[in-house]
Amino acid sequence: MTGPLIPMGVIPETWNNVIALIIGIGFGFALEASGFSSSRKIMGTFFGYDFVVLRVFFTAAITAMSGIIYFDFMGWMDASMLYINPYYVSSAITGGLVMGAGFALGGFCPGTSFCGVAIGKIDAMIFSAGLFVGIFIFSEIYPLFEKMYNSGNLGGAMIYDMLGLSKGVFAFLLIIVAIGMFYAATFVEKKVKKVDY
Amino acid sequence: MNKNYIFLTILAVVIGLGILIMPETKHDNQIKPVDLLIAIDDPSRFLSTDVITDRLVKKDPTLLLIDVRTASQFNSFSIPGAINIPLDSILARSTAEIMGNKDLDKVFYSNADVTSDQAWIINKRLGYKAIYVLQGGVNKWFNTIVINEIPADTEPVEIIELYQFRKGACQYFFGNNETGSVKESNAAPKKAVVITKKATGASAGGGC
Amino acid sequence: MKNNKRDGTFYINPYLGGILLGLVLFATYYITGRGLGASGAVKSTVVTAVHAVAPSHAEESGYYSKFLSDDASPMNNWLVFEVLGVIIGGFISGTIYGRLKLKVEHSPKITDKRRLIAAASGGLLFGIGSQLARGCTSGAALSGMAVLSASGIITMMAIFGSAYLFSWIFKKLWI
Amino acid sequence: MNELNKTLRLTIAVVAIALVFVIGLLTFQKPEVEYKLTPDVALSHLTDVNLMVNVEQAQEIIRQNDANMIFIDVRNPISFGRDHIEKAINIPLRELLDKSSLKLLRSLNEKGKTMVIYGETPQQASGAWMMLQQTGFQNTKMLNGSYTELGSKSDKTAAMFSETPMIDMEALKTLTSAAPVTEVQNTPSAKKTVIPAKVETSKGGGC
């Protein structure tokens, strides 16, 4: 049984929505149980009192990455069939910068805000409402961004290709860097004054 | 610090080392040798001359005949509507565009089965779909469609019908000696060209 | 111990949470061949809503029309069901750990109103940014990192870099 | 931060994941056969005359009884049982890449034997030969002819399989010249129109 299952036709497309719901439940549970439903806990990463975002984010990325690489090697999964988001240089960076500002103001990102909504955080609900409005505004003023949105398309570029490394070397470095960051985070947490939330 | 974290760090580094020493898997669309052998052993890739002729006469736009013989052989005689891709240029980039067109049934032919089948095997290995071989090649096509002996009246109905079909197809391609044949013979190959053009248009569209 | 679990302050080990999230992400890739996402669901909803209210406007607009096709409604989208699942999953976890409570969470130094205004503007910016970058933290950054795509890692660095910068500017909102 | 001190479930999870990887790697087997030639090289071998054996050469090999030349019969066992070249080894086409066949072929390869593949038709031999060539058996040749040809010198039905053009141009001429004169002129012109179509194809493909 080689994955990805739906593109390979192992699971019919009609199951798509059911699978989406189940995966969403897992996603929501993992986020909420780690504390991503609390904006103050999330913001701890940026002030150094609680690095939960850094830990969860990098552990998740490394787990999924190793899984994909190992499964690909063992022939259980065809990594070349995975969808790679196209890389548009300027719009990715600008979008990231705008999102960072939104992160600092709102204290949520879209996924975590839905988690906050689920447990009754009013600020999360307002954040989600803002999300709708933001996307609506973007769509309305899209002609202004159109040029930037479509410029500098590098397609489904891979980071290790851009850096001139092999996939294995980059993945290994990522794991080492992440472990280093985890230790640094623990160190910083001890130094920074605890914040009650 | 919790001792477990040291253990977990080591475990994570070991997993990372595994990734580091793992050779990168190559992803091409080539089918596995074992699957290729199964495909070679499966005769369903062979289409009979009558089937192909029927589709040619019906101007099937999804049919693309590919002549893998040399250009000189192609120019001296070829099945109407075919395009010429000699075997040695079967891996050229322009060929890949045609092969990648999923809407076309690509049928290789040569004088007999051998060269066309070799072209088929190479393309099958590269993972192309909807590729076939004309069974018997031009020789058989010529000797069944162009040259056909009138069966005796005592033959079964099927054989007589087959003869009539072949005779009709032959007249469609090359005209006959009855009056009014000039126009017909002129028109038929031209139409065959139209089929090819449609096909190429489709392949260009798919490639772009 | 059991009391502790129910009082709303219990969180699982963040590394365990990360592994759970990573397994969910891996399962998503293994089953569907695509990553997770959240902002895409909002986009689908917005597109559907605009299309329902002003169909001609949606069809003429350069952006909406990208996501409108004749046969399938954009609402019938993988991500919409996934986000519904996120809400259900969050609710389950909130129930287990006793965190279900209607409240506005903010620093004691600011008022509810200020927190809500900040949240609304944050959501707005996130909405705009996620469309520009073709995905949000989960869709572009996390899923992109799992497959080591350039867009994922660049977007992740841009988000966290600018969030570090802006969080010091808006420090008063948080501590 | 007391959640950081609870590591039992985390350890179990990480160990479980690592175990999946380890089990996967332990059960991982390299495929028995892999392509050793790129498609381009394989294609170039198709036109290599040194890798072909025609009927006369094959008959010569049989006469000389050269110990370094081994005939591989890829026909089905029934045909092989009925009649086959002396000392030929029967490996039916579908079993060509089976473990036992590969073992045999590899041992022959190591001994430096040249294997001549023959089948019912040259097309059958060609398929088996191409398979072996591409999977790294360089010491293989194909019989460019059918098995029945080996026995008799001129077998008309067997010649049907060979790649020599058998188009009776005379018949074609009589077919077209039987029609009025104008048509004779028309037919070549009609053929010419086929050629531009070919040119256009390469254009379209290159786009």
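Computed from backbone phi, the HN-Hα couplings of segment D:24-29 come to x, 5, 5, 7, 5, 10 Hz, rounded to whole numbers (Karplus: 6.51 cos²θ - 1.76 cosθ + 1.60, θ = phi - 60°; Gly and Pro given as x). Rounded to the nearest 100 Å², what is the sum over both chains of accessible area buried where D meets A, with a probe of 1.4 Å? Summing both chains' loss of accessible area gives about 1000 Å². A Förster distance of 25 Å, applied to the separation of the beta-carbon atoms of C:His57 and A:Trp15, puts the FRET efficiency at 0.10. The residues neighbouring C:Leu173, those whose beta-carbon lies less than 13 Å from its own, together hold a net charge of +4 under the Lys/Arg +1, Asp/Glu -1 convention. Summed over qualifying helices (DSSP H, 4 residues or more, each -39500 (n - 2.57)) and divided by its residue number, the protein assembly as shown shows a 222 nm mean residue ellipticity of -19000 deg cm²/dmol. The aspartates and glutamates whose alpha-carbon is closer than 13 Å to the alpha-carbon of A:Lys191, local same-chain residues fewer than 8 away aside, are A:Asp50. Listed by chain and number, the aspartates and glutamates whose C-alpha is less than 20 Å from the C-alpha of B:Lys3, apart from same-chain residues fewer than 8 away, are A:Glu189, D:Glu3. Peptides A:54-63, A:74-83, B:58-67, C:132-141 ranked from most to least packed give C:132-141, A:54-63, B:58-67, A:74-83, packing being the mean of other C-beta atoms within 10 angstrom over each peptide's residues. When the Cα positions of D:Thr7, A:Pro143, C:Ile31 are compared along the charge dipole of the protein assembly as shown, D:Thr7 comes out farthest toward the positive end, with charges on each C-beta of Lys, Arg, Asp and Glu. With the cut-off at 29 Å, tell me which of the pairs B:Lys124/D:Lys141; A:Lys190/C:Lys172; B:Lys106/D:Lys113; C:Lys43/C:Lys103; A:Lys167/D:Lys30 have Cα atoms farther apart than that. Correct reply: B:Lys106/D:Lys113. Which helices of chain A meet both criteria: a Cα extent of 30 Å or more along the helical axis and a mean Kyte-Doolittle score no lower than 0.0, with helices taken as whole DSSP H segments? Passing helices, by number: A:52-73, A:167-191. The H on the amide N of B:Asn84, modeled in the peptide plane, is under 5 Å from the matching H of B:Asp67, each at least 5 residues off or on a different chain. Within the protein assembly as shown, DSSP assigns beta bridges of which about 5% are antiparallel (rounded to the nearest 5). Give the aspartates and glutamates whose C-alpha is closer than 20 Å to that of B:Lys26, dropping any in the same chain fewer than 8 places away, or say none. B:Lys26 reaches A:Asp72, A:Asp78, A:Asp161, B:Asp35, D:Glu32, D:Glu34, D:Asp40. Between A:Phe187, A:Phe57, A:Phe114, the Cα set farthest toward the positive side of the dipole of chain A (charges on each charged residue's Cβ, about the Cα centre) is that of A:Phe187. Taking label positions 7 Å along the Cα-Cβ direction at both C:Thr95 and B:Phe165, the computed distance is 6.7 nm, reported to one decimal. If R0 is 25 Å, what FRET efficiency do you get for B:Val51 and D:Ile78 from their C-beta distance, rounded to 0.05? Calculated transfer efficiency: 0.30. Summing charges over all other residues whose Cβ lies under 13 Å from the Cβ of C:Gly33, with Lys and Arg as +1 and Asp and Glu as -1, gives -2.
Extension gain for the segment D:Lys6 to D:Asn68, taken as residue separation times 0.36 nm less the Cα-Cα distance, is 15.2 nm to one decimal. In loop segments of segment D:6-89 as defined by DSSP, the trypsin sites (Lys or Arg not before Pro) with at most 16 further C-beta atoms inside 10 Å of their C-beta are D:Lys6, D:Lys36, D:Lys87.
Between the listed residues D:Asn139, D:Gly81, D:Ile117, the Cα displaced farthest toward the positive end of the dipole of segment D:39-159, a dipole computed from Cβ unit charges relative to the Cα centre, is found at D:Gly81.
Projected label points at C:Lys66 and B:Asn75, each 7 Å from Cα along the beta carbon direction, are separated by 5.1 nanometres. Over the protein assembly as shown, accessible surface divided per residue gives 44 Å², non-protein components excluded, 1.4 Å probe. Couplings 3J(HN,Hα) of segment B:153-167, computed from phi: 5, 7, 5, x, 4, 4, 5, 5, 5, 4, 4, 4, 4, 5, 4 Hz, in residue order, whole Hz [Karplus 6.51 cos²θ - 1.76 cosθ + 1.60, θ = phi - 60°; x for Gly and Pro]. Taking every alpha-carbon pair within segment C:106-175, the share separated by more than 19 Å comes to 42 percent.
A:Pro4 sits among other residues whose Cβ lies under 12 Å from its own Cβ, and their net charge, with Lys and Arg +1 and Asp and Glu -1, is -1.
Given the convex hull over the Cα atoms of the protein assembly as shown, what projected area results after averaging over all orientations, in nm²? So the Cα hull casts an average projection of 42.7 nm². Extension gain, A:Val195-A:Thr2: 0.36 nm per intervening residue step, less the Cα-Cα distance, totals 64.7 nm. Here each label is just a point 7 Å from Cα along the line to Cβ, and for A:Glu146 and D:Glu56 those points are 7.3 nm apart. If contacts are Cα pairs under 8 angstrom and at least 6 residues apart, what is the relative contact order of chain C in percent? Averaging sequence separation for qualifying contacts and normalising by length gives 26 percent for chain C.
The values are calculated or read from the model by the stated rules, or taken from the named source; none is laboratory data. Treat the numbers as computed from the prediction; the structure is a model and nothing was measured. Using ideal geometry, Cβ is built from the backbone for each residue, glycine included, and neighbour counts are taken over all protein chains shown. Each accessible area value is taken on the protein alone, full model and side chains, heavy atoms only, with ligands, DNA and RNA left out. Shrake-Rupley method; radii C 1.70, N 1.55, O 1.52, S 1.80 Å.
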